[in-house]
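This report refers to the structure that appears directly beneath it.
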Amino acid sequence: MQIWDHNLISLFQKAGFTRWALLFCSIIAIAIIFERSIFFLSLRLNYQKFSNKLFSFLQSNQISDAIKFTQNYCHPVAHLTKIYLQNLDNRSKNNVLSREGTFAMERVESRLRGLATITHVAPLLGLLGTVAGLVAAFHQIELSVGQVQAQNLAGGIWEALLSTVFGLIVAIPCMVAYHSFESQSDEIARRLQSIVSELDEFFNEHSQLKISKTIDQADSDNKNAAQ
């Protein structure tokens with residue numbers, strides 16, 4: 001594959017001293033993107049279908065079946081739902097949910113900061129290589145004897161700019177991948193908040209319903225006793 005009358009290996013060799021750092025960044029970035037892609041693909045969940053099935057169990061008061069149902073999914077939403085149901089009578093339920101939610105998001109956002117770092121560092125490494133190359137090119141012009149040829153100046157600048165090109169080649173895909181992963185991470189965070197909110201609302205309504213039934217039953221017993 002020829003680019004600017006050179007192959008990729010030849011262009012890489014002309015890209016300045018920062019090319020090795022950029023190569024290292026690209027290898028790390030590819031590994032992170034590959035690992036995170038597999039991770040997020042494994043977290044596919046039809047939230048509406050999951051929620052409907054879950055609350056059908058809960059409305060039938062089948063708590064144990066609902067817990068077993070959540071174990072069929074490898075997803076933070078299902079995991080947090082299971083923790084919620086297992087701690088219904090725990091006074092520290094909110095603390096447990098907060099802790100488990102934090103751990104879940106740590107796993108979801110793992111390595112994203114490293115990818116963001118490469119996104120910001122790669123262009124700077126490319127710029128550093130370009131500036132260093134320009135300094136070297138003008139230094140050689142200063143040391144040259146006689147008239148300076150435009151071809152020599154252009155050649156030095158051309159090679160120096162390759163560092164910036166390679167820096168951008170590394171940074172742009174990393175930025176696209178990072179924002180894609182961040183978007184999926186934000187969606188999972190919203191789903192975690194949503195399922196906890198829905199469960200709170202469900203059990204609050206049912207607790208109020210039980211209280212009302214208890215009061216009605218007490219009133220009925222009192223009337224029967226009075227008669």
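Here are some notes:
- Restricting region 111-127 to residues that are within 14 Å of the chain's Cα centre (by Cα) and surrounded by 14 or more Cβ atoms within 10 Å (Cβ to Cβ), the residue that is farthest from Ala171 (Cα to Cα): Arg111
- Search result, residues across region 85-110 that are over 24 Å from the mean Cα position of the chain (by Cα), in a helix (DSSP H, G or I) and either within 18 Å of Glu201 (Cβ to Cβ) or hydroxyl-bearing (Ser, Thr, Tyr) (or both): Leu85, Lys93, Asn94
- Applying the criterion of being part of a loop (DSSP other than H, G, I, E, B) and surrounded by 12 or more Cβ atoms within 10 Å (Cβ to Cβ) to the residues of region 1-37, the residue that is modelled with the highest pLDDT is Thr18.
- Hits in region 84-102 (condition: hydrophobic (A, V, I, L, M, F, W, C) and under 15 Å from Leu58 (Cα atoms)): Leu85, Leu88
The values are calculated or read from the model by the stated rules, or taken from the named source; none is laboratory data. The structure displayed is predicted, hence computed values, not measured ones. Glycine gets a Cβ as well: all are built from the backbone with ideal geometry, and neighbour counts include every protein chain shown.
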